[in-house]
1. I'd like to check which helices (runs of 4 or more DSSP H) are fully inside region A:130-225 and have at least 1 residues that are within 14 Å of chain B (Cβ to nearest Cβ).
2. Taking region A:63-101, which residues are buried (at least 22 other Cβ atoms within 10 Å of the Cβ) and assigned to a loop (DSSP other than H, G, I, E, B)?
3. Applying the selection to region B:176-204, what residues are touching a residue at least 24 places away in the same chain (Cβ under 8 Å) and within 14 Å of B:V160 (Cβ to Cβ)?
4. What single numbered condition from (1) without any contact (Cβ under 8 Å) to a residue 40 or more places away in the chain; (2) over 26 Å from the mean Cα position of the chain (by Cα); (3) surrounded by fewer than 22 Cβ atoms within 10 Å (Cβ to Cβ) fails to hold for B:G7?
5. May I ask you to verify whether A:T136 is crowded, with 20+ Cβ neighbours inside 10 Å and out of contact with any Leu (no Cβ under 8 Å at 6 or more places or on another chain)?
6. Tell me the residue from B:R274, B:R308 that is in contact with a Gly (Cβ under 6 Å, 6 or more places away or on another chain), crowded, with 19+ Cβ neighbours inside 10 Å and at pLDDT 85 or above, please.
7. Just for region B:76-106: of the residues that are part of a loop (DSSP other than H, G, I, E, B) and within 28 Å of B:L140 (Cβ to Cβ), which one is farthest from the other protein chains (Cβ to nearest Cβ)?
8. Restricting to region B:282-298, count the residues that are in a strand (DSSP E or B) and at pLDDT 85 or above.
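The values are calculated or read from the model by the stated rules, or taken from the named source; none is laboratory data. All figures in this text were calculated on a predicted structure; none of them were measured in a lab. All Cβ positions, even for glycine, are placed from backbone atoms using ideal geometry, and neighbour counts span all protein chains on display.
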Amino acid sequence: MALFTQVPLGRVPSLLGDHVVLDALAVTARTTAVANLLIILFGTPTAYVLATRRFRGRSLVVTLVELPLVLPPAVAGIALLAAFGVAGLLGPGLNNAGIILPFSEWAVVLAVAYVASPFYVRQAISAFEAVDPSLTAAARTLGAGPVRTFWRISLPLATAGLVAGWVLAFARGVGEFGATIVFAGNVQGKTQTLTLAVYEELDSNFDVALSIGVLLVVLSAGVLLSYKMIVSWRDSTSPSPSPFGRLRSTSG
Amino acid sequence: MLRAVAGLRRPDSGRIALGERAWFDSRAGVNLPPEARSVGLVFQEYALFPHMSVRANVAFGGAARVDELLERFGIAQLAGERPASLSGGERQRVALARALARDPSVLLLDEPLSALDAHTRGVVRGELQQLLAELALPTLLVTHDFRDAAGLADRIGVIVSGTLRQLGTAEELVDHPADAFVVALTGGNLLQATARPLPTGGSELTLDDGAGVIHSDERASGRVQVAVYPWEIGVRRADDTDDPDETGRGHEAQNVVIGSIGSLTPEEGRMRVRVGPLVGESSREELDRLGLARGGQACACFTRAHTRLIGSGH
């Protein structure tokens with residue numbers, strides 16, 4: 001609330017036109033998009049395997065996947081630096097291949113993906129676990145292989161849960177600060193995201209910082225609202241787990 | 001067991017084959033995935049895909065015969081519905097149509113009637129009976145209900161905690177029950193008794209709890225269990241044991257147990273009457289004619305031939 005009373009609301013649009021803000025917005029949009037793509041691309045199969053298979057070391061893998069959730073973001077940043085830094089574990093190899101990750105836009109992507117992924121994967125695991133195993137078994141006896149069973153049965157039935165998890169991961173990614181500033185630095189137009197810009201503008205231009213704050217509050221509220229809508233939507237359709245089916249049958 | 005045949009569960013050892021083709025063979029290391037076995041499995045709760053229409057559910061197994069199957073099962077008008085809006089009987093028909101869409105070589109039915117209420121159960125059992133006769137497809141059916149098994153199957157295997165107790169037709173199971181479990185499953189009375197072989201053949205049985213002494217055509221000695229089926233037990237007035245045709249021989253052929261009438265339960269047009277330790281059968285008219293009512297004395301009569309002895313070794 002104080003955010004909205006402190007900032008001259010009429011000036012927010014012009015303040016947001018500041019090139020620092022525009023640069024940060026562009027970096028945030030690009031890195032968030034790529035990071036979320038990576039999270040969904042790698043997180044979905046990981047969650048599916050963890051939800052449907054029982055194997056030795058499974059709980060260890062789950063713990064590793066969930067670790068970023070409890071790790072202080074700054075520690076996560078140092079860990080990423082230790083792994084991908086020039087002097088890090090994988091650094092020399094990457095360096096020889098001409099890839100220098102730290103303090104690049106890719107470093108932001110990695111930091112965001114690392115910190116936000118557990119929010120998606122955890123939710124995705126429970127979404128896949130909630131799919132009745134007799135449905136996938138039925139698909140198999142009807143001649144569908146594991147791949148077709150995944151696309152036609154597991155994925156559609158888990159979609160609502162996956163979207164709910166992704167919304168949380170998205171929100172966490174946009175708010176990412178600690179790991180990013182340690183691993184990617186705070187370079188305007190390159191690695192400076194909106195949250196990092198708030199931190200930078202705090203000293204030089206307090207009104208700009210406040211405006212970004214307003215922007216992020218509006219964004220976060222929107223994300224929270226859509227999350228709540230997805231959850232209630234999913235609960236109301238729980239007897240027939242597909243939200244799409246319910247929508248179509250009521251409209252048609 | 002059905003899951004093992006369908007390839008959803010891996011048995012520890014053994015062999016599952018259809019004709020010459022092995023689906024599973026622990027020794028040869030053969031284990032085909034479910035999609036490579038030609039089975040149509042109907043799940044206990046039907047496992048219809050909730051996010052697909054009836055038509056899409058049936059088409060999932062194979063698109064070629066969808067219309068024909070929808071027509072045949074009388075669900076063509078439901079083609080656009082979701083499973084959630086169907087009744088139990090309709091769901092079962094969709095599940096059957098879906099299982100058959102793949103043109104399977106074996107039909108597997110897991111408790112096909114257990115998800116239905118008692119009212120629709122009888123109707124659906126009749127439908128299923130007719131369908132199985134028409135299909136002429138090898139069918140494995142798992143059920144806990146002997147009436148379902150007797151109504152739907154040619155041969156019945158009684159499995160108790162993983163071991164096969166008896167295999168035979170419904171009649172064979174009733175006529176020669178292998179053990180007490182089969183007697184209970186098929187709805188028979190089970191009495192504990194001590195047997196003494198008679199020099200004239202057969203044996204004399206002293207029932208526990210002082211219920212009386214009866215005879216059987218079968219020879220045995222020592223502790224035995226006695227099985228008699230309700231439909232083989234007539235109920236008469238307790239003072240009516242002196243039958244007109246009782247000439248001594250008839251008396252020997254007939255067992256009589258006298259007791260008080262514990263309960264009267266209507267069962268498929270007949271009345272089940274509990275007399276002492278036994279449950280017998282009669283009609284309502286007959287009971288009224290004899291003036292038999294709950295609490296009164298009555299006698300349960302059955303022939304020596306129907307008095308089956310099963311070893312107490314189990």
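1. Where helices (runs of 4 or more DSSP H) fall fully within region A:130-225 and carry at least 1 residues being within 14 Å of chain B (Cβ to nearest Cβ), they are A:133-141, A:146-149, A:155-174.
2. The answer is A:L101, and nothing else.
3. Of everything in region B:176-204, those that are touching a residue at least 24 places away in the same chain (Cβ under 8 Å) and within 14 Å of B:V160 (Cβ to Cβ) turn out to be B:P177, B:A178, B:D179, B:A180, B:F181, B:V182, B:V183, B:L185, B:T186.
4. Of everything listed in (1) without any contact (Cβ under 8 Å) to a residue 40 or more places away in the chain; (2) over 26 Å from the mean Cα position of the chain (by Cα); (3) surrounded by fewer than 22 Cβ atoms within 10 Å (Cβ to Cβ), B:G7 misses just condition (3).
5. Details: crowded, with 20+ Cβ neighbours inside 10 Å: yes; out of contact with any Leu (no Cβ under 8 Å at 6 or more places or on another chain): yes.
Here the answer is yes, as A:T136 does meet what is asked.
6. B:R274
7. Here the residue is B:S87.
8. Adding up the residues that qualify gives 2.
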